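Chemist: I have a structure I would like to understand better, so I am pasting it below and will then ask my questions one at a time.
Derivation of every value follows stated rules applied to the coordinates shown; laboratory data play no part. Keep in mind that this is a model prediction, so the values were computed, not measured. Here the Cβ is made from the backbone with ideal geometry for all residues, glycine too, and neighbour counts use every protein chain on show.
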Amino acid sequence: MSFNMLSYSIMRSDEQEQLDRTVRRLVSDRSAARKAAENVSGTDPELLSQLGALGLLGISLPSDMDGSELGLAEECIVVEALGEQVAPVPIVSIYLACHILSACPDATDVAAALASGQTVAGPLINADGSFPNALVTPGIECATHLSSDVPFAFEGTSLTSFLVHADDAWWVVDAHGPGVERSDLKSLDTTRPMARVKLVEAPAKRIGCFPPGDLQKIAQCLIAAEAVGVAQGALNLITEYALQREQFGQPIGRFQAIKQNLANCLLKLESGRSSLWGALRSVADGVPDGAASHLAKAAATEAASFAASESVQMHGAIGCTWEHDLHLLMRRSKHCEISFGSPSSHLQRLGEKALELYGAKRRKSGSSNKPEQDIGFVPSQADADFLIEFQTWLDEHAPPEKISQLRRADLAGRRAWQAEMAEGNWAGIHWPVEYGGRAASFTQQVLYYAELTKRGVPPLPGNRGLMLVGPTLFTHGTDEQKKLLEPTRRADILWAGGFSERGAGSDLASLSTRAVVDDEKLVINGHKIWTSQAQYADWMYALVRTGPQHPKRDGISVVVFPMDAPGVEVRPIRRNNGDYHFNEVFFNDVTIPLSSLIGPKNAGWSVNRTTMQGEHLTNFLGAHASQARTIRRIAGMLQQREAESGLDVGLRQRFNTLWSTTQIIHLHGLRNVARFTSGADVGSESSITKIVGQENEKAMFEFLIDVMGSAGLEESIWTSAYLSTRASTIGGGTSEIHRNKLAERVLGMPRDLWADEEVDIAQAAE
Ligand SMILES: Cc1cc2nc3c(=O)[nH]c(=O)nc-3n(C[C@H](O)[C@H](O)[C@H](O)COP(=O)(O)OP(=O)(O)OC[C@H]3O[C@@H](n4cnc5c(N)ncnc54)[C@H](O)[C@@H]3O)c2cc1C
């Protein structure tokens with residue numbers, strides 16, 4: 001059993017929180033940035049010395065160099081907080097210098113001067129991240145001279161000591177010394193001024209070695225952290241403004257166009273944040289993984305540029321003025337984007353690595369090259385014991401040949417498999433022990449799903465019953481109703497979820513299927529639509545209107561009844577790919593006992609809500625695993641196409657984006673797991689995973705057909721998947737509804753005037 005260790009937690013330690021607060025107290029607005037924007041030199045010396053006085057400049061230096069021996073994660077916390085306020089200090093260069101100096105025992109004096117703020121040292125590097133060619137000329141009496149020409153030296157104006165890479169070593173050059181010609185450039189971001197630096201036989205002191213490739217990775221992470229800060233700053237500005245600015249008698253944040261765009265900014269920001277987190281947790285021996293830092297740099301800087309630019313648009317004319325802070329954020333975002341390589345160049349390298357890894361190996365060995373799943377936490381002993389017990393059971397009951405059979409099995413075969421799992425108490429593991437479950441903890445559920453996914457075991461046919469109906473029954477049901485639990489667990493009862501109606505889709509609370517109390521009975525009339533698998537279901541779990549006189553949400557109840565009750569008629573609806581997945585279900589005087597109500601009459605909305613918590617979290621591994629499988633397959637197809645017809649740049653770029661998004665979805669999921677296991681509420685933020693995952697799935701299958709070219713036009717499982725995945729962003733609540741949810745519940749925008757509060761609760765069940 002091998003699990004990746006977390007080297008950096010999404011939940012910051014108390015010390016890290018304290019560090020963040022310290023920086024934010026020091027730089028709580030953009031007044032320093034405004035001042036620096038007015039002059040070419042950019043740097044705020046006072047702020048720099050305050051950072052030095054607080055010990056924040058040399059935080060990753062060893063203690064014998066007057067440092068605090070902290071790491072890249074802490075540096076990123078500082079850089080992010082400073083980035084949010086576009087602080088005019090060359091902190092990225094300084095932190096890069098710390099990493100070089102830490103590896104150079106002969107540089108104690110430079111390091112100590114840097115930690116105190118006396119010296120502003122940084123690598124002499126082009127803004128695009130390339131290292132200049134430097135010529136070493138040995139001089140008389142061991143003196144050495146360096147010559148070089150750096151047209152756009154990163155933060156070049158602000159540095160007082162250059163660290164120059166030449167002859168596989170690092171050298172210190174006094175930026176104000178002989179042989180140094182520096183002309184300050186008026187940079188787009190005047191708070192990060194570049195300079196043209198020419199070294200003409202400048203005296204230099206050799207200090208030691210540090211791999212430039214490692215420095216690049218560290219730089220990509222630091223810039224990514226800064227970009228996350230910039231994106232957050234831009235989003236904060238527009239969130240505040242959207243609540244306060246009124247047009248047409250409403251805060252503009254009530255308008256859909258604004259809400260959807262705010263959600264887009266949040267989605268990009270969180271992608272940047274997850275990618276950065278992914279890079280930081282990959283740090284080994286002080287250096288992040290190459291692919292993870294490419295991803296962080298690409299996603300975070302793209303987020304910063306997007307959020308800054310969209311924030312301007314959503315501000316209207318005020319956002320285009322010199323007075324408004326937005327231009328500071330825009331300028332910094334562009335510097336972040338271009339410095340150390342553009343997002344597309346990083347995505348390209350990521351894509352190349354992925355193709356190399358998945359495509360070539362797969363074709364060579366014929367293996368599917370399945371990587372070990374990364375679950376995002378280290379299991380406790382109890383969890384590890386739980387997993388071993390499950391693995392032992394699976395070894396005995398689900399050898400590989402049986403799993404192959406199950407993948408081809410009909411419904412009866414799959415029901416039998418669920419019954420076998422229920423026999424071993426491996427169906428509904430989160431259910432209480434008294435109802436046949438194992439009261440499995442959240443982490444145990446994650447391990448359980450990861451194991452099933454790893455072995456390729458197909459999903460259970462009764463998942464809707466296990467995830468949705470079961471918890472409702474054991475939480476709210478009567479003793480009589482709880483008798484449905486055991487057959488549900490064994491898949492003797494398969495359930496249909498009756499929520500949507502022709503007139504009630506996104507606005508579920510306007511459903512009109514009526515249930516009237518008649519004596520001790522309920523008489524149901526109306527219909528449901530898009531009901532998945534109702535043609536096979538034995539029972540229905542439905543929301544019906546029992547209180548037409550009440551406000552919309554208050555007059556709804558949950559009822560359960562058998563599908564063969566007289567008056568229930570199922571009419572399958574053919575999907576765009578030709579199969580029959582969902583149905584319309586009609587109720588004509590369907591008469592069921594009053595005891596079919598789950599929970600009190602008219603309390604259906606809240607009854608339904610309690611059952612949904614956490615369900616989507618445990619499923620994330622499965623969702624990611626299937627996308628990861630698809631992208632690996634696509635990688636092979638793309639390589640084959642390129643071998644036959646040459647490189648198609650457009651397709652390559654789309655592949656790069658899809659591949660990186662698949663990684664981000666995984667990281668989002670891991671962050672959710674980390675938050676959930678530490679007791680934090682994930683809540684509405686889970687919409688982020690949903691939106692990104694669903695949109696990526698759609699785009700993937702569209703791409704797959706395009707890669708196949710004319711062969712993709714022949715009807716196949718791929719054309720079927722391409723067509724059916726058009727529904728990915730509709731079922732379970734549309735992407736637009738989830739974006740509204742993010743804007744309203746995460747960013748605090750006012751609700752639509754016409755909307756009910758909880759329109760999407762039931763939809764999560766699909
Ligand atoms: C594959 C699949 C399986 C499904 N399974 C089930 C099931 O088992 N049981 C069940 O009950 N239902 C099921 N559904 C139905 C699903 O819940 C609904 O399709 C979904 O809630 C959207 O409702 P609608 O189709 O009526 O679209 P509408 O609500 O009519 O939406 C039409 C368009 O308007 C947009 N829109 C609507 N309101 C807003 C708003 N306030 N702000 C911005 N945009 C808005 C939507 O985003 C969408 O683009 C399934 C759907 C699919 C695709």
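Chemist: Treat each spin label as a single point 7 Å out from the Cα along the C-beta direction, and report the ASP168 to ALA409 distance in nm.
Modeler: 6.1 nm
Chemist: Now for a separate question. Roughly what would the spin-label model give for GLU352 and GLU389, points 7 Å off Cα along C-beta, in nm?
Modeler: The modelled label-to-label distance comes out at 5.0 nm.
Chemist: Something else about it: Please give every one of the lysines within straight-line cross-link reach of LYS217, meaning a C-alpha to C-alpha distance under 22 Å, and leave out same-chain neighbours fewer than 8 residues apart.
Modeler: Those lysines meeting the cut-off are LYS268, LYS297, LYS334, LYS353.
Chemist: Further question: Determine the dipole magnitude for segment 60-107: charges of +1 sit on the beta-carbon of Lys and Arg, -1 on that of Asp and Glu, nothing else is charged, the reference point is the Cα centre, and the result goes in debye to the nearest 20. Can you show the working numbers first?
Modeler: Values: 0 positive and 8 negative charges, 29 e Å.
The calculated dipole for segment 60-107 is roughly 140 debye.
Chemist: May I pose another question? Please give the length that would be gained between VAL433 and LEU54 if that part of the chain were fully extended, namely 0.36 nm times their separation in residues minus their C-alpha to C-alpha distance (nm, one decimal). Could you put the intermediate results ahead of the total?
Modeler: Numbers: separation 379, 0.36 × 379 = 136.44 nm, distance 5.43 nm.
Net length gain for the segment: 131.0 nm.
Chemist: Report, in whole Å, the centroid distance computed from the Cα atoms of segment 497-566 and segment 295-314.
Modeler: 44 Å
Chemist: Between the alpha-carbon centers of segment 93-171 and segment 245-284, tell me the distance in whole angstrom.
Modeler: Cα centroid of segment 93-171 versus Cα centroid of segment 245-284: 38 Å apart.
Chemist: Most exposed first by the Cβ proxy, i.e. fewest other Cβ within 10 Å, how do LEU215, LEU159 rank? Walk me through the numbers on the way to the answer.
Modeler: Details: LEU215 23, LEU159 26.
Result, fewest neighbours first: LEU215, LEU159.
Chemist: Next question, about the same structure. Evaluate E = 1/(1 + (r/R0)^6) for ALA565 and GLU520, where r is the Cβ-Cβ distance and R0 equals 22 Å; express this FRET efficiency to the nearest 0.05.
Modeler: Values: r = 16 Å, r/R0 = 0.72.
With a Förster radius of 22 Å, E is 0.90.
Chemist: Another question, then. Tell me the angle of helix 442-455 to the major Cα principal axis of the chain, expressed in degrees between 0 and 90 and rounded to the nearest ten.
Modeler: Computed tilt is about 90 degrees.
Chemist: In segment 77-108, which residues have a backbone nitrogen under 19 Å from the label point lying 7 Å from ARG24's Cα in the Cα-to-Cβ direction?
Modeler: Taking a point 7 Å out along Cα→Cβ of ARG24, the residues of segment 77-108 whose backbone N falls under 19 Å are 77-88.
Chemist: Taking the Cα centre of the chain as the origin and placing charges on Cβ (Lys, Arg +1; Asp, Glu -1), which of ILE388, VAL570, ALA234 is farthest toward the positive end of the dipole?
Modeler: Farthest towards the positive end: VAL570.
Chemist: For segment 415-562, take every pair of Cα atoms, bin their distances at 5 Å starting from 0, and report each bin as a whole percent.
Modeler: Bins of 5 Å from zero give 2, 9, 17, 19, 17, 14, 11, 8, 3, 1, 0 percent of pairs.
Chemist: Please work out the Cα convex hull volume for segment 225-300 and give it in Å³ per residue.
Modeler: Hull volume normalised by residue count: 71 Å³.
Chemist: If you don't mind, another one. With the Cα gyration tensor of segment 474-548 giving a ≥ b ≥ c as the square roots of its eigenvalues, does the rule (a/c under 1.5 for rounded; else a/b larger than b/c for prolate; else oblate) give rounded, prolate or oblate? Working shown, then result.
Modeler: Values: a/c = 2.12, a/b = 1.29, b/c = 1.64.
It is oblate, given that a/c is not under 1.5 and a/b is not larger than b/c.
Chemist: Any aspartates and glutamates with Cα under 17 Å of the LYS482 Cα? List them, leaving off those in the same chain fewer than 8 positions away.
Modeler: GLU434, ASP492, ASP538
Chemist: Expected output is a single nm value to one decimal: the length gained when fully extending between ILE318 and HIS176, i.e. 0.36 nm times separation in residues minus the C-alpha distance. What is it?
Modeler: Numbers: separation 142, 0.36 × 142 = 51.12 nm, distance 4.15 nm.
Between ILE318 and HIS176, full extension yields 47.0 nm more.
Chemist: Can you list which of the GluC sites (Glu not before Pro) found in segment 493-596 are DSSP loop residues with at most 11 other C-beta atoms within 10 Å?
Modeler: Details: sites: GLU501, GLU520, GLU569, GLU584; in loops: GLU520.
Listed in order of number, the matching sites are GLU520.
Chemist: What shape does segment 14-210 take by its C-alpha gyration tensor, where a ≥ b ≥ c are the square roots of the eigenvalues and a/c under 1.5 counts as rounded, a/b above b/c as prolate, and the rest as oblate?
Modeler: oblate
Chemist: Calculate, axis by axis, the spread of Cα positions in segment 215-341 along the three principal axes, and write the results as whole Å, longest axis first.
Modeler: For segment 215-341, the Cα spread along each principal axis is 57, 27, 16 Å.
Chemist: Any chance you could give the angle, 0 to 90 degrees and rounded to 10, that helix 256-281 forms with the longest Cα principal axis of the chain?
Modeler: Approximately 60 degrees, to the nearest 10.
Chemist: Hey, rough spin-label estimate for PHE248 and SER342, points 7 angstrom out along Cα→Cβ, what's it come to in nanometres?
Modeler: 3.7 nm
Chemist: Compute the long axis of helix 72-84 from its Cα atoms, compare it with the longest principal axis of the Cα atoms of the chain, and write down the angle in degrees, 0 to 90, nearest 10.
Modeler: 90 degrees
Chemist: Out of segment 688-759, which GluC sites (Glu not before Pro) are coil in DSSP terms and have no more than 13 other C-beta atoms within 10 Å? Don't skip to the end; give the middle numbers.
Modeler: Values: sites: GLU695, GLU697, GLU702, GLU714, GLU715, GLU736, GLU744, GLU757, GLU758; in loops: GLU714, GLU715, GLU757, GLU758.
The qualifying sites are GLU714, GLU715, GLU757.
Chemist: Hey, another quick one. Could you work out how much longer the chain between ASN576 and SER130 gets when fully extended? Use 0.36 nm per residue separation minus the Cα distance between them, nm to one decimal. Don't jump to the answer; show the numbers that get you there.
Modeler: Values: separation 446, 0.36 × 446 = 160.56 nm, distance 5.08 nm.
Stretched out fully, the ASN576 to SER130 stretch lengthens by 155.5 nm.
Chemist: Next up: Can you classify the chain as rounded, prolate or oblate using the Cα gyration tensor, where a ≥ b ≥ c are the square roots of its eigenvalues, rounded means a/c under 1.5, and otherwise it's prolate if a/b beats b/c and oblate if not?
Modeler: Details: a/c = 2.32, a/b = 1.88, b/c = 1.23.
Taking the square roots of the gyration eigenvalues as a ≥ b ≥ c, the chain is prolate.
Chemist: If you don't mind, another one. Sequence gap at least 6, Cα distance under 8 Å: using those rules, report the relative contact order of segment 14-210 to the nearest whole percent. Mind showing how you got there, number by number?
Modeler: Numbers: 433 pairs, mean separation 43.8, N = 197.
With pairs under 8 Å counted, the relative contact order is 22 percent.
Chemist: Projecting each Cα onto the charge dipole of segment 14-210 (Lys/Arg +1, Asp/Glu -1 at the beta carbon, about the Cα centre), which of ALA87, ALA37, ASN133 comes out farthest on the positive side?
Modeler: Going by the Cα projections, it comes out as ALA37.
Chemist: Could you tell me the calculated FRET efficiency between SER595 and SER510, based on Cβ-Cβ distance and R0 = 45 angstrom, to the nearest 0.05? Don't skip to the end; give the middle numbers.
Modeler: Working: r = 27 Å, r/R0 = 0.61.
The formula returns an efficiency of 0.95 here.
Chemist: Let me have the relative contact order for the chain, percent, based on Cα pairs under 8 Å that are six or more residues apart.
Modeler: On the way: 1446 pairs, mean separation 81.8, N = 766.
Relative CO of the chain lands at 11 percent.
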